[in-house]
Amino acid sequence: MNNVIFIMGVSGCGKSSIGQLLSQRLKIPFFDGDDFHPQSNIDKMSSGKPLNDEDRHEWLVTLNELAKQQLPKNSCVIACSALKKKYRDLLSTEIKNQVKWVHLSGSFNQIIERINRRENHFMPADLLQSQFDALEIPEHALEVNISMQPEEIVNKIVETIEMKSEFGLFGLGVMGKSLSRNLAQKGFAISLFNREVKGIEEDVAVNFKNNHKELETAQPFSDIKAFVNSLQTPRRIMLMVNAGKITDSVIEDLIPHLTEGDILIDGGNSNYLKTKERYDYLKAKNIHFIGVGVSGGEEGALKGPSIMPGGNKEIYNLVKPYLESIAAKDAKNLPCCTYIGEEGSGHFVKMVHNGIEYVEMQLLAEVYSILKLAGNNPDKIATILESWKSKADSYLLGITVDILRKKEGDDWLVNKIVDKAGNKGTGNWTTIATAELGAPSTLIASALFARYTSFYKEERLLASENYDIQPSVINLDVEAVLDAYQFARIINHFQGLKLISEAGKAYGWNLNLSELARIWTNGCIIKSDFMAELIDVLKKDDNILKHQTIINQLKLLKPSINKVVAQCVLSELAVPCLSDAVHFFNSYTTANSSANIIQAQRDYFGAHTYQRNDDASGKFHHTNWQH
């Protein structure tokens with residue numbers, strides 16, 4: 001990937017001389033920013049007046065355009081004072097991930113001597129102090145002191161910028177490998193690290209690099225110190241390791257080799273509470289930490305996942321170009337990556353994404369059970385589900401069609417798979433979070449417990465014999481099953497988004513649910529046509545059940561899910577998420593519930609008090625119920 005190297009500093013620091021030497025060494029063009037000043041600026045400085053921001057704006061825009069014109073052809077070096085952060089931001093417009101900064105620093109006395117020796121320059125020495133006054137030291141630039149010899153300065157720049165990678169991947173499992181290739185395909189200079197186990201797992205990073213042409217310029221490592229030292233500062237290191245204690249162990253291994261301002265990015269499925277702890281722990285060491293949810297599996301990671309980053313927004317902006325470049329693109333070609341919020345918000349949102357995913361998978365499994373009990377073989381069920389794509393298309397619906405059509409010999413492969421569903425913990429965390437936050441994400445809990453129940457295979461076989469439970473043939477119209485499926489999916493998305501909304505309030509995260517729906521329209525496991533519809537719905541209200549379009553849909557679909565669930569119960573077929581969707585909806589839409597009995601019971605045995613509907617003050621009352 002081509003880069004523009006901006007040599008910056010106050011007038012007289014040697015930007016032009018160093019820039020010319022550097023361009024000769026790298027064999028790339030050099031441009032002196034002073035040559036692009038409009039005549040009005042030259043006249044003003046020649047008269048002894050310093051330039052103001054307005055004077056500089058046109059000049060900076062011109063240099064930015066110059067850089068953008070050069071980058072498609074080659075790298076280049078541009079000497080420009082770029083004293084303030086906003087000047088540097090303007091110079092980096094639209095090319096931020098291709099800009100390298102070198103700050104030539106020196107004392108006032110060092111530089112005034114140089115200026116006094118300089119001949120035929122339009123800026124008088126009297127203006128030097130104004131440049132020092134305006135200078136805002138760049139946080140993320142290679143700083144080189146001008147006391148070094150010019151050749152030494154150029155050597156240091158070349159060593160640091162040309163030879164060092166801009167992004168590091170730690171951990172080359174399935175996701176780490178795919179993300180590495182994705183980054184390399186986008187033109188980023190990357191370093192790769194994977195541990196070695198002598199005699200078992202050796203040369204992992206080297207072999208991986210050698211097996212993929214796009215990794216030709218990547219630097220592979222099995223030594224942590226060498227890996228860290230191969231990266232430009234501030235270092236950007238993405239951890240793609242198993243969540244939990246391994247993540248903590250990796251962080252501890254990295255810390256001795258990091259310097260202040262470096263950035264660690266956790267791309268695993270970490271618990272959001274642990275992300276908050278790591279964020280605070282590393283902050284105390286002046287090391288930045290970003291928790292990033294990544295969805296899309298192996299294929300998504302390679303071709304473009306949905307990415308959910310959380311942490312300090314200013315620090316996120318330093319890794320934003322990399323994450324947005326590798327993310328999937330939505331219908332408007334915008335990256336399916338957006339800043340979520342502070343601390344562990346990115347991992348929280350990814351956790352709930354997985355909870356919604358649990359339900360979507362369980363609903364399709366229940367639909368499969370219904371259609372199978374109606375006498376359809378897997379091929380026929382696949383054909384039915386494929387016909388639903390015009391009304392309810394989603395990634396999970398599509399892969400379920402593929403699964404049901406897969407044969408092994410004369411039988412369908414799905415018939416040979418043991419009916420015990422595993423999980424990696426995110427559904428469990430989501431269920432705990434919804435209980436702790438008091439949000440009724442009942443379908444996520446039902447989907448999780450359905451998986452837990454499935455794991456008791458031997459006990460289920462025995463119970464089936466003991467109770468003689470044999471589901472009877474079910475007679476349901478396919479359209480009614482589709483309607484029930486759509487109804488439950490709406491409730492699932494409502495509950496998941498409600499949980500995210502409640503977490504935002506509880507933790508002080510300023511979450512944008514519409515933007516969240518947008519980044520879930522591609523690259524992730526729960527992408528669907530319905531998710532795309534929710535973008536506009538959520539712009540009006542975080543509660544999708546208040547939107548008139550959703551109200552109309554649920555009213556239309558409700559009779560079908562009532563019929564489907566009732567028939568399943570009568571046929572003794574378990575459909576926990578379909579039935580839970582009905583029960584939740586009935587509870588949620590009940591104006592006067594039976595919770596008054598619960599509150600009276602609580603007051604009876606525990607003096608927990610209650611409020612009265614005939615007392616508008618909201619006062620809490622207690623009754624001695626035994627008299």
Quick one: if the Förster radius is 41 Å, what FRET efficiency do N592 and K539 give, using the C-beta to C-beta distance and rounding to 0.05?
0.80
Which of V349, V158, V241 comes first, and how do the rest follow, when ranked by fewest Cβ neighbours within 10 Å?
V158, V241, V349
Length gained when the stretch K407-N466 is fully extended (0.36 nm per residue, less Cα-Cα span):
17.9 nm
Sorted peptide list for 527-538, 387-398, criterion being average Cβ within 10 angstrom, highest first
527-538, 387-398
Along the Cα→Cβ direction, 7 angstrom out, place labels at V569 and N109. What is the inter-label distance in nm?
9.0
Taking the simple approach of a point 7 Å from Cα along Cα-to-Cβ for both N116 and T259, what is their distance in nm?
3.3
Here the gain from full extension of Y604 to I246, 0.36 nm per residue of separation minus their alpha-carbon distance, amounts to 123.9 nm
Across K186/K539; K84/K177; K84/K156; K15/K85; K505/K619, pairs whose alpha-carbon gap is larger than 29 Å
K186/K539; K84/K177
How much length is gained if the chain between T62 and D203 is pulled fully straight, taking 0.36 nm per residue apart and subtracting their Cα-Cα distance, in nm to one decimal?
46.0 nm
Among 44-52, 260-268, how do they line up from the highest to the lowest mean number of other beta-carbon atoms within 10 Å?
260-268, 44-52
Could you work out how far the C-alpha centroid of the range 37-81 sits from that of the range 597-626, in angstrom?
74
Against the longest alpha carbon principal axis of the chain, how many degrees, from 0 to 90 and to the nearest 10, is the axis of helix 576-588 turned?
90
Cβ-based exposure ranking for Y358, Y87, Y604, in which fewest neighbours within 10 Å come first
Y604, Y87, Y358
Rule-of-thumb check for the chain: C-alpha Rg over 2.2 N^0.38 Å?
1.21
How big is the gap, in Å, between the Cα center of the range 171-240 and the Cα center of the range 400-457?
33
Three-way shape call for the range 480-627 based on the alpha-carbon gyration tensor, with the a/c threshold at 1.5:
oblate
Restricting attention to the alpha-carbon atoms of the range 348-459, what are Rg (one decimal) and Dmax (integer), both in Å?
15.5, 50
Cα-based helix-to-principal-axis angle, 245-254 vs the chain, degrees rounded to 10:
0
Y452 versus Q611, label points 7 Å from Cα toward the beta carbon: distance in nm?
3.2
Angle between the chain longest axis and helix 345-373 axis [Cα atoms, degrees, rounded to 10]
40
Ranking D410, D34 by Cβ neighbours within 10 Å, fewest first, what do you get?
D410, D34
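Coordinate-derived values only; no laboratory data. Here the structure is a predicted model, which means the values were calculated and not measured. Cβ coordinates were reconstructed from backbone atoms using ideal geometry, including for glycine residues, and neighbour counts include every protein chain displayed.
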